[in-house]
Structures are given as structure tokens and as C-alpha cells.
Amino acid sequence: SNQRSCVLQVEANGERLLLTGDIDLHAERVLLDSALAVPTQWLQAPHHGSRTSSSMALLKVLNPETVLISRGHGNSFGHPHPTVLARYRKQGLRIYDSAEHGAIHLQLGRFKPARTMRQHRRFWRDSPVLAR
């Protein structure tokens, strides 16, 4: 179920990424009582930015700089929810949305902005992974 999503924190050279899966407010409260409740630079939007996720409590404790929204364009669930996007903007977060930006490439540990694959006309030629 969504509440049993794998939540994973990845850290490189002091820079953190928190992958939250499809957790909602209830699971976020549990997360806030865990060792994962530390400031993180990158936050994967819980449950693709659904209205039952991304609580202010979570955002205040994690204090992310950037949120990554993984979703398909025109998805039938309407993710991300407008109130959640407003919450991200109110916190001053940089937002990367896969439906708008395409694939998002970041190199954790370098403290640099992500690259979006739509920035490159032929992104498959520039990608070291796809060029193999």
C-alpha cells in the first residue's frame, strides 16, 4: 500500500536526497519521529504532490531547497495538487516537475542545480548513461 512505500535517504558529500514514495500525512508524521527527519536539500514530492501529502510540518523540519515531482503530464489524479504547489512556492522551493521538464538529472554531492533533459535538444546524446 502507499503507506508502506519505501522511504530512502541518500547522502553524498553532505548533500541529501529523500525519496518518499507514495506516503501521505499519516506516514509523514511517522517519518518526522524517525532518524530521517533531518534537513535535506532534495525532496521527492510525497505521493506525487497529492493533496494528502507534503505537510507544512514535513517541509519545515526537512527544510528542502528543491522538490522533485515525478508524474505524467495530464495524469488522471490531478497531481500535483494546487494547494501543495502553493505550499512549495510559499516555502521558496525550487520545483522540478518531470511532466514539464522531462527527465531530471542531478549529481548528488556536488551541490549544483539539476539539469533537465528538455534543456538539450538531443538529450540522449549528452547523457553518459544513454550514450553507452
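The values are calculated or read from the model by the stated rules, or taken from the named source; none is laboratory data. In this text, all values refer to a predicted model and were calculated from it rather than measured experimentally. We place every Cβ from the backbone using ideal geometry, glycine too, and count neighbours over all the protein chains shown.
Taking every residue in segment 105-130 that is in a helix (DSSP H, G or I) and aliphatic (A, V, I, L, M) and pairing it with any residue that is surrounded by 11 or more Cβ atoms within 10 Å (Cβ to Cβ) and at pLDDT 60 or above, at least 6 positions away or on another chain, the pairs with Cβ-Cβ distances below 7 Å are Met117/Gly102; Met117/Ala103; Met117/His105. Of the listed requirements (1) under 27 Å from Gly109 (Cβ atoms); (2) crowded, with 16+ Cβ neighbours inside 10 Å; (3) out of contact with any helix residue (DSSP H, G or I) (no Cβ under 8 Å at 6 or more places or on another chain), Leu25 misses just one: (1). Contact map, segment 13-29: first residue in contact (Cβ under 8 Å) with a residue 12 or more places away in the chain, second residue assigned to a helix (DSSP H, G or I), Cβ cut-off under 6 Å, separation 6 or more or different chains; pairs are Thr20/Pro46; Asp22/Asn2; Asp22/His47; Ile23/Pro46; Asp24/His47; Ala27/Gln3; Glu28/Leu58.
Considering segment 56-86 alone, what residues qualify as being at pLDDT 95 or above, in a loop (DSSP other than H, G, I, E, B) and out of contact with any strand residue (DSSP E or B) (no Cβ under 7 Å at 6 or more places or on another chain)? Once the filter is applied, which keeps residues that are at pLDDT 95 or above, in a loop (DSSP other than H, G, I, E, B) and out of contact with any strand residue (DSSP E or B) (no Cβ under 7 Å at 6 or more places or on another chain), segment 56-86 yields only Asn63. With respect to the conditions (1) more than 17 Å from His48 (Cβ to Cβ); (2) in contact with a helix residue (DSSP H, G or I) (Cβ under 8 Å, 6 or more places away or on another chain); (3) not hydroxyl-bearing (Ser, Thr, Tyr), Arg115 falls short on a single one, namely (2). When Leu19 is tested against (1) at pLDDT below 90; (2) surrounded by fewer than 22 Cβ atoms within 10 Å (Cβ to Cβ); (3) within 11 Å of the chain's Cα centre (by Cα); (4) not aromatic (Phe, Trp, Tyr), just one condition goes unmet, and that condition is (1). Exactly one residue out of Ala12, Ala35 is surrounded by fewer than 18 Cβ atoms within 10 Å (Cβ to Cβ), over 15 Å from the mean Cα position of the chain (by Cα) and within 22 Å of Arg115 (Cα to Cα), and it is Ala12. Residue check: Gln41 meets all listed conditions (1) in contact (Cβ under 8 Å) with a residue 60 or more places away in the chain; (2) of a type outside the set (A, V, I, L, M, F, W, C); (3) in contact with a Cys (Cβ under 6 Å, 6 or more places away or on another chain) but one, namely (3).
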